[in-house]
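Enquirer: Got a structure here, written out as structure tokens. Questions coming.
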Amino acid sequence: MPIQPLEPQRLYRQIAEQLRELIGKGEFAVGARIPAERDLAKQLGVSRPSVREALIALEVEGWVEIRTGSGVYVLDRSHRTAPPVNGAAGAEWGPLEIIRARRLVEGETAATAAQYGKRKDVDAIRRAIQMMRELAARSEVPHEGDRAFHLAIVNACGNVVLTETVQGFLESRHGPIFARMIDYFETMDSWQAAIGEHEAILDAIAARDPAAAREAMHEHMDKFHQRFSASWRRAKTS
């Protein structure tokens, strides 16, 4: 198969572009199943999570259909009147790349909040977790509480640049690729686990322990990343 290895630091955009070109040239026929994620990763010389982001980008753009438990299949675009849409893969940050960036930045905001945060900041973090619990108890996805939690932590740092950076991270969840990934891999069970991770961060901040707060945030982001890197077999059926 005429696939060229990519540099390890390349992101899902280059993978999506190469697969899109192969589909356009007929290397993958309409209705055909694209090679498995692990095989594409090996041929491209990249990680499986990067391939996953690329496949979801192509699904968002209407090039493929992902059938959980079966595979990824090429869609027929011959009857589409609009030109091919390449914007999702070209403009949006990769969800897993965002999580890695958040780990770096928010590990430090948690440590700073533990060191310099005031009582009102700790109270705001605690209220955000309570909001998450209440939403989850009603089987509602607690995005609002999660947003309030991370903003309460960064607000405790007293730095508008950091606040706007974290706001940008949180807004990225509304991008089409990130949103599709959420559809596949976030469940109420995963949110219950996340609430527990948030509570560990709160405990460390309330205890004025910067090192423990940083470690708890790193652990939360690592588990967030793991949930999005889970086997497709564990993903929700769409």
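The values are calculated or read from the model by the stated rules, or taken from the named source; none is laboratory data. As the structure is a prediction and not an experimental result, all values here were calculated from the model. The protein model used for the area step is the full one, side chains on, heavy atoms only, and it has no ligands, DNA or RNA in it. Shrake-Rupley method; radii C 1.70, N 1.55, O 1.52, S 1.80 Å.
Enquirer: Of I177, I23, I153, which has the largest mean-square fluctuation in a 10 Å C-alpha GNM of the chain?
Expert: I23
Enquirer: Additional query: Would you tell me the accessible area of M131, worked out with a 1.4 angstrom probe on the heavy atoms of the protein chains, in Å² to the nearest 10?
Expert: 60
Enquirer: Here's something else I'd like to know. Residue by residue, what Karplus-based ³J(HN,Hα) values in Hz, rounded to whole numbers, does the stretch 130-139 have, using 6.51, -1.76 and 1.60 with θ = phi - 60° and x for Gly and Pro?
Expert: Residue by residue, the stretch 130-139 yields 4, 4, 4, 4, 5, 5, 5, 5, 8, 6 Hz.
Enquirer: As a check on your grasp of the helix formula, calculate [θ] at 222 nm for the chain: sum -39500 (n - 2.57) over DSSP H runs of n ≥ 4, divide by the residue count, round to the nearest 500. It would help to have the intermediate numbers written out before the result.
Expert: On the way: 11 runs with 153 residues, N = 238.
It lands at -20500 deg cm²/dmol.
Enquirer: Return the tail of the calculated pair distribution for the chain, meaning the percent of Cα-Cα pairs more than 33 Å apart.
Expert: On the way: 7525 of 28203 pairs.
Value for the chain: 27 percent of Cα pairs lie more than 33 Å apart.
Enquirer: In terms of modelled amide H atoms, which long-range or inter-chain residues lie less than 5 Å from the amide H of V64?
Expert: So V64 has HN proximity to E59, L75.
Enquirer: What is the Cα centroid distance between the stretch 166-191 and the stretch 13-47, reported in whole angstrom?
Expert: So the two Cα centres are separated by 24 Å.
Enquirer: Still on this model: With θ taken as phi - 60° and the coefficients 6.51, -1.76 and 1.60, list the Karplus ³J(HN,Hα) couplings across the stretch 101-109 in order, rounded to whole Hz; mark glycine and proline as x.
Expert: Karplus values, whole Hz, x for Gly and Pro: 5, 4, 4, 5, 6, 7, x, 6, 5.
Enquirer: Something else now. If I build a Gaussian network model for the chain, linking alpha-carbon pairs within less than 10 angstrom, which residue out of D121, D189, D203 has the largest mean-square fluctuation?
Expert: Result: D189 has the largest fluctuation of those listed.
Enquirer: Please list, or write none, the aspartates and glutamates whose alpha carbon is within less than 14 Å of the alpha carbon of K25, excluding same-chain residues fewer than 8 places away.
Expert: Counting by Cα, and skipping residues close in sequence, K25 has these aspartates and glutamates nearby: E17, D76.
Enquirer: Karplus couplings for the stretch 31-42 from phi (6.51 cos²θ - 1.76 cosθ + 1.60, θ = phi - 60°), rounded to Hz, Gly and Pro as x?
Expert: Coupling constants for the stretch 31-42: x, 6, 8, 6, x, 4, 3, 5, 5, 4, 4, 5 Hz.
Enquirer: Please determine, in degrees from 0 to 90 and to the nearest 10, the orientation of helix 48-60 with respect to the longest principal axis defined by the Cα atoms of the chain, where the helix direction is its Cα long axis.
Expert: 70
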